[in-house]
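Contents: one structure, followed by commentary.
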Amino acid sequence: MSSVTKKLFGWIPKGIPCLLLLSLLFGYLGNQMGAANMLNTIMKTAHDLLLNTCFYLMGICVITGALGKVFVEFGVVSLIEKLLRPLMKPLFNLPGVASLGAVLTFLSDNPAIISLAHDKKFSTYFKKYQFISLTNFGTAFGMGLLVIVFMIGQGYFIEPIVGLVGAMFGCLISTRLMQRAVVKAYPSYATEDVVTETVADTDMEQQSNEGKSTFIRALDALLEGGKSGVDIGLAIIPGVLIISTLVMMLTFGPTGAEGEYTGAAYEGVKLLPWIGEKIDFVFEWLFGFTNPNLIAFPITALGAVGAALSLVPNFISQGWIDGNAIAVFTAIGMCWSGFLSTHTAMLDSLGYRQLISKAILSHTVGGLCAAFAAHWIYVLVMLCF
């Protein structure tokens, strides 16, 4: 802060801007809905999201977590990783072992790439600029299995696969942009190795539990994976309740018979649709959105993909969703997967905090490209059938 700025604004206590922002937000909502209706809607919406969305997502997390652990235990992850290795260098400019990070984040969540990156044997394969781009690379696949299974559970099958292809395209853009930005800012990172000391040549693959029967190994993997699923399910509850409640109140309108507010769950002031209508032509051409309300999903996915998924059932009940929207939601939900809430901690953990802004900008572009690709791939697929 400059000396002039300090003189002008230094006397303002730090808490004042926060109070002003909250006062404006809740003052606007309360003025439109009525204070009592606003408070009732907040509580009822959060309660309904907890019971009917969070626990549903937790159930999916437990099942997919158990399945993912079984895949790790019995070598399926290793097999997939070997099959994907040849694609890493030509597509993402990463060593073949990076495919393991894609598989693990797809089966779990963004931070899985960080726990893998802290493995020195894994890190020896990377130059510094490649290593830093793992944050963008891994995030683009975060919670992918959860997103796809959720969309299939809504009755869509081809669309989530199209979204997966779109997410891969977005990942390519984000990773390459991040690598370019890192090399431009720090040219030496293009040739410097992440790990300079010699590391013992150990096998990175998952080792079998000797002395245990196949049944016991499978049972242990199912229970351990299910437990990790519970942890993920609990972790997404705050994002779903806080972010989704706010977004829904800015998306939906009154539910009374004569258009009045009743304090029911999922009422709101329709601010986001109003904004969407002003720039609707942009989203219609880029993403094929047929309803301005649909912009709530990508906005929410910036902070938490679990919260974004909680919007889908209500969109379906309102008749706003079509196959194209599911494909785009899958792509941008996977690619962004709440990166605004994880990128900072991930890069800080790797020791490259100064590159956070570059990572966020690169991944923002990557997510938009993922949604754009999913839309036009879906259009082509529909032309072929």
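The values are calculated or read from the model by the stated rules, or taken from the named source; none is laboratory data. Just so we're clear, the structure is a prediction, and the values are computed from it rather than from any experiment. Note that each Cβ is placed from the backbone with ideal geometry, even for glycine, and that neighbours are counted across all protein chains shown.
Among the residues making up segment 315-341, those that are surrounded by fewer than 20 Cβ atoms within 10 Å (Cβ to Cβ) and assigned to a helix (DSSP H, G or I) are ILE316, SER317, GLN318, GLY323, LEU340, SER341.
Can you tell me which residue is farthest from ILE360 (Cα to Cα) among those in segment 326-341 that are at pLDDT below 95 and of a type in the set (Gly, Ala, Ser)? Per the criteria, the residue is GLY333. Of the helices (runs of 4 or more DSSP H) lying entirely inside segment 229-310, those containing at least 1 residues that are out of contact with any strand residue (DSSP E or B) (no Cβ under 9 Å at 6 or more places or on another chain) and farther than 29 Å from THR105 by Cβ are 245-249, 271-278, 280-287. The residues of segment 61-80 that are over 14 Å from LEU223 (Cβ atoms) and in a helix (DSSP H, G or I), listed by number, are CYS61, THR64, PHE71, VAL76, VAL77, SER78, LEU79, ILE80. Identification of helices (runs of 4 or more DSSP H) wholly contained in segment 81-156 with 3 or more residues that are under 30 Å from ILE316 (Cβ atoms) and touching a Gly at 6+ places or on another chain (Cβ under 6 Å) yields 98-107. Residue count for segment 342-360, restricted to those that are more than 19 Å from ALA102 (Cα to Cα), in a helix (DSSP H, G or I) and touching a helix residue (DSSP H, G or I) at 6+ places or on another chain (Cβ under 8 Å): 6. Taking every residue in segment 78-89 that is under 18 Å from PHE169 (Cα atoms) and pairing it with any residue that is surrounded by 16 or more Cβ atoms within 10 Å (Cβ to Cβ) and of a type in the set (Val, Ile, Thr), at least 6 positions away or on another chain, the pairs with Cβ-Cβ distances below 9 Å are LEU84/VAL103; ARG85/VAL97; MET88/VAL97.
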